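Trainee: Right, I'll just put the structure down here and ask away after.
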């Protein structure tokens, strides 16, 4: 992952797939992981589908590293909170009145599976799909350009947002903002960093809107595209299949909920 | 033929009470290179937005008078038709990157995709514009990984590739080092020589003096002064306002106060200054006394 986009440029079969094929796969995996019964579905999907796919796409290492760096704060807090504050259950051990429960830990691990699934699923898509081809293919299936633009720039903008946050952090530190120390200091330091970040971004929106309109965005002419996206009939079928799987998962879940 | 014709234009932004532009009358001929100078808050950027159609189509607000560009009138037109005639590049290059593209090459093609240029022509135009702006070696880089100066050239190229009739530039060299500035001015001059109409907002007086056909000085939303670079930059009105003064002019003014400056007119560029100072530093030949009148204030044709 370079510092400017999540996309990892590699030569692989996965990279060559049509963006929407990967998109529908991402959707199907996400829906399946969150709706299918079974507590460990998330782990299964990550282990037996996402990781092998990442290997095929030659991004396994990047995927594991980024998934971990994005999800560990959640993972840690979920495990701590769920195991420590679980009401009644079998204690794992007791020390100074703290007794983490087996049931709590189990529930935490289930939740972690879901978090990791969502992260890894999304990252696999972002790392193997070029933003421009995604935008073109979204427009080809009739998504309005402005919506396609928002989706694509959101994927692109996370790293640049991160970079801007670091700049603000440095700037505020150099004016004497304390960012290290106990939890209270860290939380207090959050406000003078997040505020300029959000306000600054809002102000940039206007200029960016002008800049893309100068370049004919929203023009009423028929658009063309620089790159051609390879598509096959087989992929189109597979895409439909993924969508159907996703729908079936939702229907099955609702039916199951109603019946029990 | 005036390709830009502003008649009595007064414009107020929706969130302010006082107008940003007051009774502006401005004509720009086809192929002319006009530079706009002025202090902060003079309305330079608003003028650019007006020429590019974003005032009033994007910013709303109240506009009176008429804005006519390339034969059509702003109030009768829509923004997406308007931008086909007028290209606008502005200060912060970072915000001019579309954010939807992965490489500089694709970034430059973004505008052409939007207006439906066929693929082969698109590629040819992108290759040409990269050569013109000297960024061919950046083609495969991410636009976000570039330096400020490189990004600014990409931003300029992304407008030039659209082949507008009029190029409106709002401080396009603000992020650049002297070398980058020279390169960008080189590109702008090339465009001007090819017959493109250029309106440039810029603080770098020495550069404007070399390239511009005409200079418009704005202050408080009004046209303060208009004329050739030499007229405007050496005028006492501009000097009193404290902006748009070349250091060569300042140096010569000082020399004149000390009674050293012999040339008839004040210099704006390095070459003019060098010539004037070489006259000042060579001992007076007898005929030089004829020019003595120029030493007294007011004798410089201002």
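The values are calculated or read from the model by the stated rules, or taken from the named source; none is laboratory data. What you see is a predicted model, and the numbers here were worked out from it, not measured in a lab. Heads up, the Cβs are rebuilt from the backbone with ideal geometry, glycines too, and the neighbour counts pull from every protein chain shown.
Trainee: Sort out which residues of the range B:86-96 are at pLDDT below 90 and within 24 Å of residue B:139 (Cβ to Cβ), and write them in order of number. Don't jump to the end; show me each part of the working.
Mentor: Here is the first cut: in the range B:86-96, the ones at pLDDT below 90 are B:90-95.
Across the range B:86-96, the qualifying residues are B:90, B:92, B:93, B:94, B:95.
Trainee: Can you pull out the residues in the range B:110-123 that are within 8 Å of another protein chain (Cβ to nearest Cβ) and without any contact (Cβ under 8 Å) to a residue 40 or more places away in the chain? Don't jump to the end; show me each part of the working.
Mentor: Initial filter on the range B:110-123 (within 8 Å of another protein chain (Cβ to nearest Cβ)): B:110-119, B:122-123.
Within the range B:110-123, B:113, B:114, B:116, B:117, B:118, B:119, B:122, B:123 qualify.
Trainee: Given the criterion in contact (Cβ under 8 Å) with a residue 24 or more places away in the chain and within 14 Å of chain A (Cβ to nearest Cβ), identify the matching residue among B:147, B:142. Steps first, answer last, please.
Mentor: Details: B:147 fails: in contact (Cβ under 8 Å) with a residue 24 or more places away in the chain.
Going through B:147, B:142 in turn, just one is in contact (Cβ under 8 Å) with a residue 24 or more places away in the chain and within 14 Å of chain A (Cβ to nearest Cβ): B:142.
Trainee: Residue A:223 fails exactly one of the following numbered conditions: (1) more than 28 Å from the chain's Cα centre (by Cα); (2) in the same structural domain as residue A:32 (by TED's automatic domain parsing). What is the number of that condition?
Mentor: (2)
Trainee: While we're here: Considering the range A:90-111 alone, what residues qualify as being touching a strand residue (DSSP E or B) at 6+ places or on another chain (Cβ under 8 Å) and closer than 25 Å to residue A:73 by Cβ?
Mentor: A:92, A:99, A:100, A:101, A:102
Trainee: Answer with yes or no whether residue A:174 is surrounded by fewer than 17 Cβ atoms within 10 Å (Cβ to Cβ) and free of Cβ contacts under 8 Å to residues at least 24 places away in the same chain.
Mentor: Here the answer is yes, as residue A:174 does meet what is asked.
Trainee: Which of the residues spanning the range B:224-242 are within 15 Å of the chain's Cα centre (by Cα) and surrounded by fewer than 23 Cβ atoms within 10 Å (Cβ to Cβ)?
Mentor: Listed by number, the residues that qualify are B:226, B:227, B:228.
Trainee: Give me a count of the residues in the range B:90-105 that are outside any loop (DSSP other than H, G, I, E, B) and surrounded by 24 or more Cβ atoms within 10 Å (Cβ to Cβ).
Mentor: 3
Trainee: Every residue in the range B:47-61 that is more than 12 Å from every other protein chain (Cβ to nearest Cβ), in contact with a strand residue (DSSP E or B) (Cβ under 7 Å, 6 or more places away or on another chain) and farther than 17 Å from residue B:172 by Cβ, please.
Mentor: Scanning the range B:47-61 gives B:50, B:56, B:61.
Trainee: So, in the range B:135-149, exactly how many residues are under 27 Å from residue B:37 (Cβ atoms) and in contact with a helix residue (DSSP H, G or I) (Cβ under 6 Å, 6 or more places away or on another chain)?
Mentor: Summing the residues that are under 27 Å from residue B:37 (Cβ atoms) and in contact with a helix residue (DSSP H, G or I) (Cβ under 6 Å, 6 or more places away or on another chain) in the range B:135-149 gives 1.
Trainee: Considering only residues that are more than 25 Å from the chain's Cα centre (by Cα) and at the interface with chain A (Cβ under 7 Å from one of its Cβ atoms), look in the range B:97-108 and name the one that is modelled with the highest pLDDT.
Mentor: B:106
Trainee: Sticking with this structure for a sec: Between a residue in the range A:177-202 that is more than 17 Å from residue A:167 (Cα to Cα) and any residue that is at pLDDT below 85 and surrounded by 11 or more Cβ atoms within 10 Å (Cβ to Cβ), which pairs come within a Cβ distance under 6 Å, given they are 6 or more apart or on different chains?
Mentor: Here the result reads A:185/A:178, each pair linking the range A:177-202 to a residue that is at pLDDT below 85 and surrounded by 11 or more Cβ atoms within 10 Å (Cβ to Cβ).
Trainee: Taking the range B:21-42 only, how many residues are buried (at least 23 other Cβ atoms within 10 Å of the Cβ) and part of a loop (DSSP other than H, G, I, E, B)?
Mentor: Going through the range B:21-42 one residue at a time, the tally reaches 2.
Trainee: If you don't mind, another one. Residue check: is residue B:90 in contact with a helix residue (DSSP H, G or I) (Cβ under 8 Å, 6 or more places away or on another chain), within 14 Å of chain A (Cβ to nearest Cβ) and farther than 19 Å from residue B:197 by Cβ?
Mentor: In short, no.
Trainee: Give the residues of the range B:192-212 that are crowded, with 18+ Cβ neighbours inside 10 Å and under 14 Å from residue B:30 (Cβ atoms), sorted by residue number.
Mentor: Of everything in the range B:192-212, those that are crowded, with 18+ Cβ neighbours inside 10 Å and under 14 Å from residue B:30 (Cβ atoms) turn out to be B:192, B:196, B:197, B:198, B:199.
Trainee: Of these, B:126, B:83, which one is modelled with pLDDT under 95, in contact with a helix residue (DSSP H, G or I) (Cβ under 6 Å, 6 or more places away or on another chain) and within 11 Å of another protein chain (Cβ to nearest Cβ)? Spell out how you get there, then give the answer.
Mentor: Values: B:126 fails: modelled with pLDDT under 95.
After ruling out the rest, the residue left standing is B:83.
Trainee: Take the residues in the range A:212-233 that are in a loop (DSSP other than H, G, I, E, B), facing chain B (nearest Cβ under 7 Å) and without any contact (Cβ under 8 Å) to a residue 24 or more places away in the chain, then tell me which one is surrounded by the most Cβ atoms within 10 Å (Cβ to Cβ).
Mentor: A:215
Trainee: Looking at A:187, A:152 in this structure, which one is within 14 Å of another protein chain (Cβ to nearest Cβ) and either assigned to a helix (DSSP H, G or I) or under 25 Å from the mean Cα position of the chain (by Cα) (or both)?
Mentor: None of the other options fit; the residue is A:152.
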